[in-house]
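**Student:** Handing you a structure now.
Values in this text are rule-based calculations from the coordinates and carry no lab data. In this text the structure is predicted, and so the values were computed from the model without any measurement. Note that each Cβ is placed from the backbone with ideal geometry, even for glycine, and that neighbours are counted across all protein chains shown.
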Amino acid sequence: MAERNTVLVATEANDTTADMVITHLNRLGVRVARFNPADIGASLTVSARFGTCPALEAGQLRTSSRTVRLDRIRSVYWRRPVWPAFDSLPGVDAQHAAAQVRYGLGGILYSLRTCVWVNHPLRNAAADYKPAQLALARHMGLTVPPTLVTNDPQEARRFIREHKQVIHKTLRWTPYERDGLSLTSWAEPVDAEDLDDTVRVVPHLFQARVDKAADLRVLVVGRRVFAVRIDSDLLDWRKDYGALTYSVVDLPDRLENALLAYLDHLGLVSGSFDLALDRDGEPHWLELNPNGQWGWLEEKTGLEMSAAFADLLAGGEPDADA
């Protein structure tokens with residue numbers, strides 16, 4: 001059998017976090033092929049044959065600088081890939097072309113089962129539903145703030161009056177523009193009087209506010225756990241990174257084991273957890289980002305996160321359940 005000696009890195013062109021991991025892979029002497037699905041065409045070609053052997057062995061992916069046999073791929077780092085939008089084509093044609101890339105290129109890559117995925121895109125997608133996350137966190141014995149997901153304004157008002165201090169969150173971050181300006185959404189306080197009948201249009205997430213002393217961001221890479229306490233006066237610390245202070249902490253065994261079991265249940269090898277620490281130091285579940293940002297935390301704390309990713313990818317031990 002051919003040696004699996006290549007790590008495939010799927011990400012956008014300007015990704016400094018991926019650069020950090022690739023630097024460590026280069027130091028380990030591991031061959032790396034980096035690509036972005038948006039480059040499909042002259043800068044990215046893919047071929048694969050099916051039906052002639054039990055596993056996908058007859059195929060290759062070619063970038064402007066690398067040609068990779070599919071049977072030589074040791075692991076795949078699915079970082080921040082961008083799918084092509086085909087803006088030069090009419091709307092219906094663009095949708096058709098985009099679908100062919102997702103289900104052609106994507107389907108070929110997703111069929112690679114004898115390598116490590118960090119993480120497999122289909123498992124990332126399945127893990128990204130907040131209501132399912134909340135239910136699983138509770139099942140794992142984690143403390144979950146009382147939460148309501150509804151498009152019923154009367155139910156939402158009852159929940160807010162019951163819990164007094166309540167915040168509203170989006171169920172999924174999506175690119176959003178208004179009048180040409182890019183917008184984002186934060187966790188924000190909400191009062192019953194703020195709600196009107198437009199709540200009926202889509203489901204909303206309302207959550208009892210944790211009287212928190214700090215936030216906790218936990219990155220898991222394989223079986224390595226990196227925990228950072230984030231101190232600020234902000235309800236949503238993402239609003240102002242300049243107002244944050246960081247400290248490295250050790251997790252209680254019970255919490256660390258619960259987070260590892262959480263990822264195992266979802267078939268993920270990595271993930272970024274957000275928790276709130278109350279005034280007694282007890283952690284409260286907020287969410288999991290299966291492909292969260294962490295590069296700035298390495299810069300702020302010195303934790304060897306990128307090296308951990310490189311070690312995991314270089315090891316290339318496949319998931320027996322994949």
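**Student:** Compactness ratio of segment 222-322: Cα Rg over 2.2 N^0.38 Å, N = residue count?
**Tutor:** 1.15
**Student:** When a/c is below 1.5 the answer is rounded, else prolate if a/b is larger than b/c, else oblate, so apply that to segment 193-267 with a ≥ b ≥ c taken from the square roots of the Cα gyration tensor eigenvalues.
**Tutor:** Details: a/c = 2.67, a/b = 1.45, b/c = 1.85.
It comes out oblate by the Cα gyration axes.
**Student:** Here is a further query. Using alpha-carbon pairs under 8 Å, 6+ residues apart, how would you state the relative contact order of the chain in percent? Let's see the in-between values first.
**Tutor:** Working: 559 pairs, mean separation 60.4, N = 322.
19 percent.
**Student:** Stokes-Einstein at 37 °C, 0.692 mPa s, Kirkwood radius from Cα pairs: D for segment 6-118 in µm² s⁻¹?
**Tutor:** 221 µm²/s
**Student:** Within the chain, which whole H helices from DSSP have a Cα span along their axis of at least 24 Å and a mean Kyte-Doolittle hydropathy of 0.0 or more, if any?
**Tutor:** Numbers: long enough: 91-110 (27 Å, 0.27).
Passing helices, by number: 91-110.
**Student:** Using the Cα atoms as the points, what is the convex hull volume per residue of segment 146-208 in Å³?
**Tutor:** Here the figure is 89 Å³ per residue.
**Student:** Using each residue's phi in segment 59-64, evaluate 6.51 cos²θ - 1.76 cosθ + 1.60 at θ = phi - 60° and report the 3J(HN,Hα) Karplus result to the nearest Hz, with x for Gly and Pro.
**Tutor:** Ordered by residue, 3J(HN,Hα) equals x, 7, 10, 10, 9, 5 Hz.
**Student:** Once you order the gyration tensor axes a ≥ b ≥ c over the Cα atoms, which shape class does segment 103-193 get: rounded for a/c under 1.5, otherwise prolate or oblate by comparing a/b with b/c?
**Tutor:** Oblate shape, in that a/c is at least 1.5 and b/c is the bigger or equal ratio.
**Student:** Please compute one quarter of the surface area of the Cα convex hull for segment 132-260 and express it in square nanometres.
**Tutor:** 10.1 nm²
**Student:** Next up: Which order, highest average first, do 205-211, 149-155 follow once you tally other Cβ atoms within 10 Å for each residue and take the mean per peptide?
**Tutor:** 205-211, 149-155
**Student:** Additional query: Among rounded, prolate and oblate, which fits segment 1-45 when a ≥ b ≥ c are the square roots of the eigenvalues of its C-alpha gyration tensor, a/c under 1.5 means rounded, and a/b larger than b/c means prolate?
**Tutor:** Verdict is oblate for segment 1-45.
**Student:** I need 185, 75, 64, 232 ordered by Cβ neighbour count within 10 Å, fewest first. Walk me through the intermediate numbers first.
**Tutor:** Working: 185 12, 75 24, 64 9, 232 17.
Lowest count first: 64, 185, 232, 75.
**Student:** Rounded to the nearest 500, what is the chain's calculated 222 nm mean residue ellipticity when only DSSP H runs of at least 4 contribute -39500 (n - 2.57) each, over all residues?
**Tutor:** So the calculated ellipticity at 222 nm is -8500 deg cm²/dmol.
**Student:** State log₁₀ I(q)/I(0) for the chain at q = 0.09, 0.12, 0.13 Å⁻¹ as given by the Debye formula over alpha-carbon point scatterers of equal weight, solvent excluded.
**Tutor:** -0.55, -0.95, -1.08
**Student:** Let me ask something else about it. Which pairs in the list 164/300; 169/239; 239/300 are over 25 Å apart, alpha-carbon to alpha-carbon?
**Tutor:** The answer is 164/300.
**Student:** Out of residues 5 or more away from residue 5 or on other chains, whose amide H comes under 5 Å of its own, with H placed 1.01 Å from N in the peptide plane?
**Tutor:** 74
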